[in-house]
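Worksheet: one structure, shown below.
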Amino acid sequence: MATYDNKIWLLKNIRDAFIATDDTGLCEIVMAGEDFSKIFQIKGLEEKKRIKEARALQPGTSKIREGGDSCEDFEREIITQFEPYPDIDESEDEDPLGSSYVRYEEFGGYRQRSNTSQWLDKKEQALKKAAKIKVIKWEDSSPLSKEQCMELFPTVEVKPPEKQKSLLAQQLENCPDLPHRQYLEYGKFDGTAQLGLQTKCFKIFMTMLSEKHQNYPLVVCVIASAKIKDLIGFTCYKYSIEHPEISLGSVHEYGLCIAEDDGEVDWAFPCLDANEPCSKFGFTCLGLIELKNKKSFNSPPIPMPDDGHVFHLFPKMTDSGQSHNNPSRHNTGGSQTSEAVISALRAVNEEKKSSEDANLEKIQCHIMATEAPQYKSYKVQLLRKVRTNTSVQLGISLDRIEIEPLVTHKHVFWSNSRSKYFLHSIESVAWCQILETRGYRTTFRIVYSPSQKNNSVSDKNASEHAGYSHLHTTYKYHDFESDHETAKEIVEKVNTILDLLNSSCRREYKISKEKKSQTRRSFHTKHLS
Amino acid sequence: MAGDTTASLGGSQVALVTGGYDHTIKLWQAHSGVCLRTMQHPDSQVNSLEISPTSMVAAAGFQHIRLYDLSSANPDPVTTFEDISKNVSRVGFQKNGTWMYTGGEDCTARIWDPRAAPRTRCQKIFQVQAPVNAVMLHPDQSQIMVGDQSGIIHIWDLKTDQNEQLIPEAEASIQDIAIDPAGKMMAAVNNKGNCYVWSLSGQPPHPVPKKHITAHSKYALRCKFSPDSTMLVTTSGDCSAKIWRTSDWALLRELRRDTQRWVWDAAFTLDSRFLFTGSSDSYARLWNIERGTLEREYCGHQKAITALAFKDQPV
């Protein structure tokens with residue numbers, strides 16, 4: 001048993017463990033921006049540099065600087081808190097934490113068989129195979145006599161073959177249109193009987209087909225280097241061979257989602273990325289879905305004719321209420337029935353449109369949720385009450401908001417002492433919203449509380465914005481200007497992050513806003529929506 | 001039909017087999033393009049494939065010839081012929097499947113006869129001075145043409161063990177030899193892209209030079225006569241298969257495809273209307289000769305296809 005006390009090393013391994021063992025790939029997406037090993041490497045180098053400089057300043061070190069080699073030795077001695085364990089590759093334990101990543105079999109928790117027993121198994125199978133094969137070695141037999149030769153190799157009379165019809169030609173004629181031909185190129189990803197190549201088997205449920213076809217999954221074996229899109233193509237190829245009566249669409253119309261053993265697709269997770277290799281995913285049960293079901297349902301709305309001309313859809317409408325027996329009910333166009341029909345048509349169309357929009361919104365929300373925590377920077381204008389607006393780079397990430405002035409040569413004299421770098425911890429950001437749109441420019445505001453954990457390096461001049469105060473918390477804000485699309489994206493991103501984290505600062509601000517809106521019901525202020 | 005995917009093959013069915021560098025031999029349902037079965041050919045590439053009259057397929061590889069049973073679902077060979085020091089370049093069968101003949105880099109051509117009784121065994125060996133690239137049995141079953149790397153074609157009379165030598169082009173390695181099913185013509189291609197044709201007449205058949213075709217600008221690989229003897233196909237490293245009319249040696253068709261690379265092997269259908277080609281782009285293809293169009297592509301090999309064999313059935 002071993003104990004590990006290096007926090008950095010432990011953190012790195014925990015992060016790697018999450019990424020390696022997560023079959024859905026979401027851990028990787030979330031943690032992609034934080035390459036701890038690199039961060040710690042950089043920090044380690046900086047620390048070393050600092051220590052080295054500090055030591056160099058001490059007297060009596062000039063002797064060490066003579067030889068280049070000794071300099072390196074000297075550096076090697078410096079071990080910072082950011083170092084992983086030394087010689088980790090030569091560790092006696094042979095990556096003890098690595099073995100814990102080994103996934104167990106689906107049923108039961110027995111550990112995987114050791115390499116030796118697997119190797120012995122393979123050997124045994126190879127021997128069994130070889131035993132079934134008849135081996136004939138060349139034997140130099142005694143030379144055959146002439147008589148023997150004449151007997152063994154008689155000359156056969158050669159007759160020119162008569163013209164024959166080919167069975168293949170006939171088969172070709174009978175099978176002109178083959179459904180699997182569009183997927184032929186995916187045939188090469190077949191993993192069956194491939195020696196020396198890693199293969200991966202999947203059970204694919206054809207969830208886009210009708211119920212009766214969904215019950216039994218298609219077992220597919222592909223080479224491990226095949227991508228998800230190749231797996232989709234090969235699945236279509238194999239399925240259309242086995243079921244030529246069912247027509248499948250283009251490979252681009254389909255996606256693969258994680259599914260349960262019984263074929264139930266997990267709609268919560270997005271489709272597997274088509275460009276990722278199959279070997280990356282641990283899930284063996286997948287569902288083939290039509291991509292358009294995940295997007296908005298694009299059925300066209302029922303044509304809405306002009307009022308009063310709905311009759312061409314419902315020819316009998318002109319006869320509505322007509323009765324041979326009751327002449328008073330002739331020609332009642334504009335009757336209640338036709339009105340009801342028109343309003344029903346309208347309702348259906350609106351519902352379709354709103355469900356389209358709802359689906360679109362859902363997709364966009366989903367995309368926003370996954371992309372929001374990732375660092376992104378935008379070039380916007382920072383608005384100032386007293387001075388001219390300055391171009392800044394607004395960097396937004398899961399833990400901070402950075403405002404970095406972009407100094408152009410023109411303004412170098414005017415603005416070098418004016419523009420300052422702002423860094424706000426996300427914990428201190430309370431609000432973000434669009435203020436107004438004027439022509440092509442949109443103004444938006446980020447509200448923060450300087451009294452919270454805040455590393456801002458702002459000078460006193462910058463903090464002259466009027467603040468809102470509620471009880472003990474003072475709120476300040478930065479106003480920015482940008483084009484509409486960027487502003488919208490920034491506001492959505494910040495709000496997604498703020499909602500995710502839901503810091504105390506944000507909660508307090510929300511409470512204070514509510515109270516204000518209650519007390520200022522009669523006012524229409526620019527700042528509060 | 002396409003849905004009828006029997007993994008094994010009876011004697012009455014059409015068989016297309018391909019092999020190459022990916023250590024597999026694939027059996028295809030020729031009319032649909034579907035791979036029916038994949039057989040394993042470990043440790044070496046496949047230099048040559050031939051389907052025997054008894055529906056076995058022989059694969060010539062490095063230091064061995066492996067025999068697979070097409071009518072079973074067994075992915076492994078049933079028989080292995082061993083004890084060969086180097087690559088076996090070509091394999092063929094006697095008309096009735098009684099014996100098998102090979103040629104190899106060990107400068108020999110051999111007749112293999114695995115029959116039990118030693119008395120009836122007709123195992124023979126023919127030694128030449130250079131690696132053997134091509135061996136072809138005359139339809140009269142008593143002569144084998146042996147082409148070697150030094151450019152010599154040996155006509156090995158199996159009855160008398162005598163041999164005649166032809167040198168169409170000095171120092172140009174013979175890559176393949178073909179004899180038409182009527183036994184009237186012999187063709188050979190070499191690594192300069194040249195094709196030489198002889199007429200064979202008399203008993204024993206005696207070759208008389210007939211034609212020299214500058215078939216390809218690069219390495220020629222295979223040559224074969226059509227079953228009706230009206231056409232000769234030559235394949236080459238220039239990425240094409242060319243079909244020549246035997247009556248006047250005019251070029252009938254040049255079969256090319258953008259993605260097609262070296263065409264290593266070819267085979268005609270029984271009615272001489274279609275041609276299979278196997279290429280190092282890992283695709284085998286079926287061409288309609290009359291139209292020059294591509295009918296089918298066989299996609300499944302991971303690496304180059306270097307050998308192809310086709311057995312048709314008469315209707």
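Would a scan of the stretch B:114-137 turn up a residue that is of a type in the set (Ser, Thr, Tyr) and away from every other protein chain (no Cβ under 11 Å)? No, that holds for no residue. Could you say whether any residue in the stretch B:301-308 is among the basic types (Lys, Arg), within 25 Å of A:Phe234 (Cα to Cα) and more than 9 Å from every other protein chain (Cβ to nearest Cβ)? Looking for residues that are among the basic types (Lys, Arg), within 25 Å of A:Phe234 (Cα to Cα) and more than 9 Å from every other protein chain (Cβ to nearest Cβ), one finds at least one in the stretch B:301-308, hence yes. Taking (1) open to solvent by less than 20 Å² (accessible area, probe 1.4 Å); (2) outside any loop (DSSP other than H, G, I, E, B) in turn, B:Arg110 satisfies each apart from (1). Within the stretch B:56-81, being away from chain A (no Cβ under 14 Å) and under 19 Å from A:Lys132 (Cα atoms) holds for B:Val57, B:Leu70, B:Ser71. In the stretch B:191-202, the residues that are open to solvent by 40 Å² or more (accessible area, probe 1.4 Å) form Cβ pairs under 8 Å with partners that are among the small types (Gly, Ala, Ser), at six or more places apart or across chains, as follows: B:Asn191/B:Ala172; B:Asn191/B:Ser173; B:Asn191/B:Ala220; B:Lys192/B:Ala172; B:Lys192/B:Ala220. Among the residues in the stretch B:236-248, are any within 19 Å of the chain's Cα centre (by Cα) and among the basic types (Lys, Arg)? Within the stretch B:236-248 (the criterion being within 19 Å of the chain's Cα centre (by Cα) and among the basic types (Lys, Arg)), the answer is yes, since at least one residue qualifies. In the stretch B:154-184, the residue that is surrounded by the most Cβ atoms within 10 Å (Cβ to Cβ) out of those that are in a strand (DSSP E or B) and under 17 Å from the mean Cα position of the chain (by Cα) is B:Ile174. Restricting the first member to the stretch B:18-36 and to residues that are within 8 Å of another protein chain (Cβ to nearest Cβ), and the second to residues that are open to solvent by 20 Å² or more (accessible area, probe 1.4 Å) and among the aromatic types (Phe, Trp, Tyr), the beta-carbon pairs closer than 8 Å and six or more apart or on different chains are B:Ala30/B:Phe310.
How about the stretch B:277-315: which of its residues are acidic (Asp, Glu) and under 18 Å from the mean Cα position of the chain (by Cα)? Within the stretch B:277-315, just B:Asp312 meets the criteria. Within the stretch A:244-266, if we keep just the residues that are open to solvent by 50 Å² or more (accessible area, probe 1.4 Å) and at pLDDT 80 or above, the residue that is nearest to A:Lys188 (Cα to Cα) turns out to be A:His252. Considering (1) within 14 Å of chain A (Cβ to nearest Cβ); (2) at pLDDT 95 or above, the lone condition that B:Ile243 does not fulfil carries the number (1).
Residues that are farther than 30 Å from B:Arg121 by Cβ and within 12 Å of chain B (Cβ to nearest Cβ) number at least 2 in the following helices (runs of 4 or more DSSP H) confined to the stretch A:132-245: A:167-174, A:228-242. Considered as a group, the residues in the stretch A:210-220 that are of a type outside the set (Ser, Thr, Tyr) and either touching an Asp or Glu at 6+ places or on another chain (Cβ under 7 Å) or open to solvent by 30 Å² or more (accessible area, probe 1.4 Å) (or both) include one that is modelled with the highest pLDDT, and that residue is A:Val219.
The values are calculated or read from the model by the stated rules, or taken from the named source; none is laboratory data. These numbers come from a predicted model, not from an experiment. So basically every Cβ, Gly included, is an ideal-geometry build from the backbone, and we count neighbours across all protein chains shown. With ligands, DNA and RNA removed, areas are computed over all heavy atoms of the protein, side chains included. Shrake-Rupley method; radii C 1.70, N 1.55, O 1.52, S 1.80 Å.
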